[in-house]
1. Taking the options LEU166, LEU195, name whichever one is touching a Ser or Thr at 6+ places or on another chain (Cβ under 9 Å) and more than 15 Å from the ligand (Cβ to nearest atom).
2. Failed condition for ARG293, given (1) out of contact with any strand residue (DSSP E or B) (no Cβ under 7 Å at 6 or more places or on another chain); (2) outside any loop (DSSP other than H, G, I, E, B); (3) over 20 Å from TRP15 (Cβ atoms), with all others met?
3. For the stretch 24-76: of the residues being aliphatic (A, V, I, L, M) and on the phi > 0 side of the Ramachandran plot, which is most open to solvent (accessible area, probe 1.4 Å)?
4. So ALA353 passes all but one of these: (1) assigned to a helix (DSSP H, G or I); (2) more than 26 Å from ARG396 (Cβ to Cβ). Which condition number does it fail?
5. Pick out, from the stretch 1-113, the helices (runs of 4 or more DSSP H) lying fully within it that include 2 or more residues that are of a type outside the set (Gly, Ala, Ser) and over 29 Å from GLN427 (Cβ atoms).
6. Considering each of GLY152, GLY179 in turn, give the residue that is within 30 Å of the chain's Cα centre (by Cα), within 16 Å of the ligand (Cβ to nearest atom) and not hydroxyl-bearing (Ser, Thr, Tyr).
7. Would you check which residues across the stretch 287-304 are of a type in the set (A, V, I, L, M) and without any contact (Cβ under 8 Å) to a residue 40 or more places away in the chain and list them?
8. Can you find a residue in the stretch 85-94 that is among the hydrophobic types (A, V, I, L, M, F, W, C) and at positive phi?
Amino acid sequence: MPRKQEIVAESQPWWRDAVIYQVYPRSFADGDGDGIGDIAGIRRRLGHLSDLGVDAIWMSPWYPSPMADAGYDVADFRDIDPVFGTLAEAEALITEAHAAGLRMIVDIVPNHVSSAHPWFRKALADPRAPERDLFWFRPGETMPTAWVGEFGGTTWTRTADGAWYLHLFTPEQPDLNWGHPGVRAEFEDILRFWLDRGVDGVRIDSAALLCKDPTLPPVTEGRPHPFHDLDEVHEVYRAWRRISDTYPGDRALIGEVWLPDAERFAHYLRPDELHAAFNFDFLGCAWEAGKMRACIDRTLDAHAAVGAPPTWVLSNHDVTRHVTRYGRADTTFSFDNNLDGTPVDLEQGTRRARAAALLSLSLPGAAYVYQGEELGLWENENIAADQIQDPMYARRGHTRDGCRVPLPWSGDAPPFEFSTAEPWLPQPAEWKDRTVQAQTGDPSSMLELYRAAIRMRRAEPGLHAGAMTWADAAPGVLAYTRGPDFACVVNMSGAAVALPDHDSCLLASGPLDGVRLPPDTAVWLRLPARGQ
Ligand code: NOJ
């Protein structure tokens, strides 16, 4: 049974400064020995999350699905796919997580459904079916638009009766028509379904894409985009917020909003809309002090304007793991900049990832941990083409499978007790040093760094105080204080730098060089009390 952790007396809603751990259920732990992770495996390994000290779990989709996009093609939002277990097991997991002091967030995918969803089946079977209006069907000899899909490629597929239907992702993910009241009512009901089951929040997939310009204009520079971030989408989230506000406890709506414009992004976080959204600006930022500082300032300003908490995200199931990113010459991330296979210095990437952990866990707001980042896992860039399952690969030549590889728990060789069978994606043999078992008790390990940092963050009053203040620092170095006597210093330059005056070093991401902070290292310091 997982150890129950203290929930510190909360002066503000939990989602404002929680550490939220993303579980990707296919790859967390396999309980039934089929090589694919499941709820039984998660329940068995819940102790890992209490030991890590996180506040909440975000569960990537676990619903019935043909798995054309690893479960982001949902056929039924009110049940669980048999590969993951049953609804009763999901309910038991929610209860057990709560008993262990962990909150639960489920993933809702409102932009599209699976082509196996009953609505779409009916729509496809009969051109006069009322369900056609729930989607974007259009007649015609030629494709209605030349829009490029989110995974690349075209966005329309022709039906047997000669109509076209819209899909911003794969043809197996038809887009819903959010102009239809039936779609709105259905998702409001799905939201209630999970809130009634006690979940503490929902993560909203592709949150800025739901509404489309019904005139289907071309994408034109300088004109509003036909399907990104239409103003109408905000009314959807206002309605969801009215619903979540009727539930006891602090239920959170968390948006996956990829938008380059910080102000447009913040619109989603106005007081009557979503509670939080993922910070992809930070995730994609280069490992460079000037750029990082500008990104942090941009984030803080945009969120302050709407009173929302910033979030700090380094990795997730869609992006190259940051140990790998930070070990490349180009440390940025963007889907338009495919760096697969470029040289990686994993030692440097790991050193920077350790420093990034202390950075992201000490900035004001909520922090996200993607499963395996606490183990220092890197991207598996050696998955054979015929083993790749990600539908993005065929369209963009980049696969997200490398960050979705099953976790190594213990033992000296794959499957590292993830499963008794061959895992659905291959694990690197080198992960024998990165298993939970190998790292536990080793003070120099990534896992013990995360455990110590999360424990300290929970207890450190300065890290719950609202603001951060930049402090003077050498070029290439970030330094800031939180509260009266806590400071974080991150050296992103190529040379060791002197540490500021301090009473003690609370935590360091790597060995210090006397009172100097080596390159790619971060430190948490206790500053001398003011006035001394
Ligand atoms: C974003 C999800 O994170 C990603 O995995 C998925 O492929 C797309 N949305 C489509 O649902």
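The values are calculated or read from the model by the stated rules, or taken from the named source; none is laboratory data. As the structure is a computational prediction, the values presented were derived from the model and not from experiment. Ideal geometry is used to build each Cβ from the backbone, glycine not excepted, and the neighbour counts take in all protein chains shown. Side chains are part of the model used for accessible areas, which takes the heavy atoms of the whole protein and leaves out ligands, DNA and RNA. Shrake-Rupley method; radii C 1.70, N 1.55, O 1.52, S 1.80 Å.
1. Numbers: LEU166 fails: more than 15 Å from the ligand (Cβ to nearest atom).
From the options LEU166, LEU195, the qualifying one is LEU195.
2. It is condition (1) that ARG293 fails.
3. First pass over the stretch 24-76, keeping only residues aliphatic (A, V, I, L, M): 29, 36, 39-40, 42, 46, 49, 52, 54, 56-57, 59, 67-68, 70, 74-75.
Right, trim to on the phi > 0 side of the Ramachandran plot and you get 67, 70.
Numbers: MET67: 47, ALA70: 19 Å².
Across the stretch 24-76, the extreme among qualifying residues is MET67.
4. (2)
5. Details: elements: 25-28, 39-44, 46-52, 87-99.
So the answer is 87-99.
6. Working: GLY179 fails: within 16 Å of the ligand (Cβ to nearest atom).
It is GLY152.
7. In the first step, residues of the stretch 287-304 are kept if they are of a type in the set (A, V, I, L, M); the result is 289, 292, 294, 296, 300, 302, 304.
Answer for the stretch 287-304, where residues must be of a type in the set (A, V, I, L, M) and without any contact (Cβ under 8 Å) to a residue 40 or more places away in the chain: ALA294, ALA304.
8. To start, the set of residues in the stretch 85-94 that are among the hydrophobic types (A, V, I, L, M, F, W, C) comprises 87-88, 90, 92-94.
Those left that are additionally at positive phi: none.
No; the residues of the stretch 85-94 include none that is among the hydrophobic types (A, V, I, L, M, F, W, C) and at positive phi.
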